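Q: Have a look at this one.
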Amino acid sequence: GLNEIMAQLVTYLPNIIFALVIVALGIIIGDKAAGFVRYTCEELKVPKYWIMGNVTRYLIYAIVIIIALSQLRVSTDVLIIGIAVVLAAFGVTLILALKEIAPNMAAGFHLIHDTPFKVGDIIEIDGNEGVVDSIGLVSTTIKTKEEKIVIPNSKFLENVVKKKL
């Protein structure tokens with residue numbers, strides 16, 4: 001009767017509370033992770049960078065829902081398979097998106113770590129001479145007399161760079 005239902009509810013209540021805490025924390029973590037991924041992808045000039053942030057958010061939400069449901073003793077096998085498929089597709093998309101950026105990032109780490117030149121130096125690369133305006137992870141900007149030129153960092157590994165003294 002009613003006493004049995006109340007007894008089961010009291011027994012089950014900690015699981016419900018714990019599942020709600022998991023969901024609340026998952027929403028916070030999902031939002032923070034999405035913001036970080038979006039910011040990082042924007043800095044790396046990944047096209048449609050906000051998509052990566054949204055995918056990150058919803059994958060974390062899905063994982064959190066699975067954890068919360070399993071805490072409530074609900075079967076989650078189909079959800080886990082679905083998430084595995086989405087993760088695989090996301091991985092392939094990420095690899096394809098970063099394929100063009102990876103060489104420039106590697107060169108950017110080299111430029112930042114080894115500092116062959118710094119902001120304010122006058123350099124010449126590939127026929128372009130100017131003052132180094134900024135050195136980023138993916139590209140470097142130099143100012144010539146006429147214009148600003150954005151040079152992919154991989155060019156600094158492929159070409160001779162002359163630094164004016």
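The values are calculated or read from the model by the stated rules, or taken from the named source; none is laboratory data. Since the structure is predicted, the reported quantities are computational estimates derived from the model, not experimental observations. Neighbour counts run over all protein chains shown; Cβ positions are idealised from the backbone, glycine included.
For every residue, the table says whether it meets (1) surrounded by 12 or more Cβ atoms within 10 Å (Cβ to Cβ); (2) in contact with a strand residue (DSSP E or B) (Cβ under 6 Å, 6 or more places away or on another chain).
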position: Lys48; (1), (2): no, no
position: Arg57; (1), (2): yes, no
position: Val64; (1), (2): yes, no
position: Arg73; (1), (2): no, no
position: Ala88; (1), (2): no, no
position: Lys143; (1), (2): yes, yes
position: Val150; (1), (2): yes, yes
position: Phe156; (1), (2): yes, no
position: Val160; (1), (2): no, no
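Q: Return yes when Ile63 is over 20 Å from Gly26 (Cβ atoms) and either not acidic (Asp, Glu) or not assigned by TED's automatic domain parsing to the domain that holds Ala34 (or both) and no when it is not.
A: Against the criterion (over 20 Å from Gly26 (Cβ atoms) and either not acidic (Asp, Glu) or not assigned by TED's automatic domain parsing to the domain that holds Ala34 (or both)), Ile63 does not qualify.
Q: Further, regarding this structure: Restricting to the stretch 90-128, name every residue that is surrounded by 11 or more Cβ atoms within 10 Å (Cβ to Cβ), closer than 20 Å to Lys48 by Cα and not aliphatic (A, V, I, L, M).
A: Scanning the stretch 90-128 gives Phe90, Thr93, Glu100, Pro103, Asn104.
Q: Assess whether Thr40 counts as being closer than 19 Å to Gly136 by Cβ and at pLDDT 85 or above.
A: So Thr40 fits the description; yes.
Q: Collect the residues in the stretch 34-44 that are surrounded by 15 or more Cβ atoms within 10 Å (Cβ to Cβ) and in contact with a Leu (Cβ under 9 Å, 6 or more places away or on another chain), keeping them in residue-number order.
A: Result: Leu44, single match.
Q: Another question about this same structure. Would you pick out the residues in the stretch 131-159 that are farther than 14 Å from Met105 by Cβ and not aliphatic (A, V, I, L, M)?
A: Asp133, Ser134, Thr141, Lys143, Thr144, Lys145, Glu146, Glu147, Lys148, Glu158, Asn159, listed by residue number.
Q: Surrounded by fewer than 11 Cβ atoms within 10 Å (Cβ to Cβ) and without any contact (Cβ under 8 Å) to a residue 12 or more places away in the chain: is that true of Ala7 in this structure?
A: Spelling it out, Ala7 is indeed surrounded by fewer than 11 Cβ atoms within 10 Å (Cβ to Cβ) and without any contact (Cβ under 8 Å) to a residue 12 or more places away in the chain.
Q: Now a separate question. Where the second residue is outside any helix (DSSP H, G or I) and modelled with pLDDT under 95 and the first is assigned by TED's automatic domain parsing to the domain that holds Ala62 and closer than 26 Å to Asn54 by Cα and lies in the stretch 10-30, which pairs have Cβ atoms under 6 Å and are six or more apart or on separate chains?
A: Ala19/Leu72
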